[in-house]
Amino acid sequence: MLGFSLGCAQEALLRDLDAPAEAPGFAGLLARRAAREPLALILGEREFWGMAFAVSPATLIPRPESETLIEAALAAFPDRAAVRQVLDLGTGTGCLLLAALAEFPAAWGLGIDRVPAAATLAAANARRLGLAGRAMFLCADWAAPIAMTDGFDLLLCNPPYIAHDEIAGLMPEVARHEPASALDGGADGLDGYRLILPAIAALLAPGGVGVVELGAGQAVAVAALARAAGLEPAVPRADLAGIARALPLHRPARTKKSFGGKPDDD
């Protein structure tokens, strides 16, 4: 916060710890942080996958554990040129979609969020990161069907997965400042998965891979829901804390399930 108020990098402060620092706005930043406002909202941005993303109260703040989804996507596609179409459901800041586009240079991506301010912010992040020419953002319900002739090669989603009764007990930075719609997964935390997993089964191309973020202890339940939706879950990928965080999902090549309909032969 001191570097931000002085308009200089933290490294510059560390190089000369005895230098005087006249920062009139610093006290105000400290007061906001003492009131448990997240640092990312105070500074206006957060780093994710080596890139700086603008943030706002309309979206979840990108978190390091969500980078596990990008790791899982890269492991699923050793040939990075094989990914041509990427879909991000509930895109928020656009961090998952834009990180994926940075890693898959031949890909074009679509990010969907039902909150207009979130879709607008994601589009702005695409512009600031030089990826606007390969990304489009749509404000819509993520469970709505999307017309795609061949389907998406990669589908990413970080759904709300906190059980409703647990939200009030979260740290104040989350419970007070991040959107409840991006946190609340219903009574058991799984409502979001019940909505999106059938859509993933319908929207993946043959050989495509979906990767969803998991809450702690949810891997078995989400894998069962995925199988019921016609998907084949792989082994979850753990984050740096050892928590199963990213669940890769494969669409069987033999069938294609229409969203809201019955399986059809490919």
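Restricted to segment 121-158, and to residues that are open to solvent by 40 Å² or more (accessible area, probe 1.4 Å) and in contact with a Lys or Arg (Cβ under 8 Å, 6 or more places away or on another chain), which residue is modelled with the lowest pLDDT?
ASP141
With segment 186-258 as the region, which strands (runs of 3 or more DSSP E) entirely inside it contain at least 3 residues that are within 14 Å of TYR161 (Cβ to Cβ) and not charged (D, E, K, R)?
244-250
Identify all residues within segment 33-72 that are of a type in the set (D, E, K, R), farther than 20 Å from MET1 by Cα and in contact with a Leu (Cβ under 8 Å, 6 or more places away or on another chain); write none if there are none.
Selection gives GLU65 alone.
One residue is enough: does segment 101-113 have a residue meeting the conditions open to solvent by 10 Å² or more (accessible area, probe 1.4 Å), in contact with a Gly (Cβ under 9 Å, 6 or more places away or on another chain) and closer than 25 Å to LEU183 by Cβ?
yes
If we scan segment 74-81, do we find a residue that is free of Cβ contacts under 8 Å to residues at least 24 places away in the same chain and acidic (Asp, Glu)?
So far as segment 74-81 goes, yes, one or more of its residues are free of Cβ contacts under 8 Å to residues at least 24 places away in the same chain and acidic (Asp, Glu).
When you look at ARG227, is it open to solvent by 30 Å² or more (accessible area, probe 1.4 Å), of a type in the set (Lys, Arg) and either touching a residue at least 12 places away in the same chain (Cβ under 8 Å) or touching a helix residue (DSSP H, G or I) at 6+ places or on another chain (Cβ under 8 Å) (or both), yes or no? Break it down into steps so the answer makes sense when it comes.
Values: open to solvent by 30 Å² or more (accessible area, probe 1.4 Å): yes; of a type in the set (Lys, Arg): yes; either touching a residue at least 12 places away in the same chain (Cβ under 8 Å) or touching a helix residue (DSSP H, G or I) at 6+ places or on another chain (Cβ under 8 Å) (or both): no.
The answer is no for ARG227.
Looking at segment 103-122, which of its residues are in contact with a Cys (Cβ under 7 Å, 6 or more places away or on another chain) and in a helix (DSSP H, G or I)?
PRO116, ALA119
Within segment 170-180, is even one residue over 22 Å from THR93 (Cβ atoms) and modelled with pLDDT under 95?
Within segment 170-180, not a single residue is over 22 Å from THR93 (Cβ atoms) and modelled with pLDDT under 95.
Please go through segment 14-60 and give me each residue that is closer than 23 Å to ALA124 by Cβ, of a type in the set (Gly, Ala, Ser) and surrounded by 14 or more Cβ atoms within 10 Å (Cβ to Cβ), ordered by number.
ALA40, ALA52, ALA54, SER56, ALA58
Considering only segment 170-192, I want to know if a residue exists there that is under 18 Å from the mean Cα position of the chain (by Cα) and closer than 29 Å to PRO78 by Cβ.
Within segment 170-192 (the criterion being under 18 Å from the mean Cα position of the chain (by Cα) and closer than 29 Å to PRO78 by Cβ), the answer is no, since none of the residues qualifies.
Quick test of your reading of the structure: ILE167 fulfils all but one of (1) modelled with pLDDT of 95 or more; (2) closer than 26 Å to ALA58 by Cα. Name the failing condition by number.
So ILE167 meets the others, but not (1).
Among the candidates ASP184, ASP141, ASP153, single out the residue that is touching a residue at least 12 places away in the same chain (Cβ under 8 Å) and in contact with a Gly (Cβ under 6 Å, 6 or more places away or on another chain).
None of the other options fit; the residue is ASP153.
Residue by residue through segment 64-88, note down the ones that are touching a helix residue (DSSP H, G or I) at 6+ places or on another chain (Cβ under 9 Å) and among the basic types (Lys, Arg).
The answer is ARG80, and nothing else.
The values are calculated or read from the model by the stated rules, or taken from the named source; none is laboratory data. Quick caveat, the model's predicted, so the values are computed rather than measured. Glycine also receives a Cβ, built like all others from the backbone with ideal geometry; neighbour counts cover every protein chain displayed. Ligands, DNA and RNA are stripped out before the accessible areas are found, and what is left, the full protein with its side chains, is counted by its heavy atoms. Shrake-Rupley method; radii C 1.70, N 1.55, O 1.52, S 1.80 Å.
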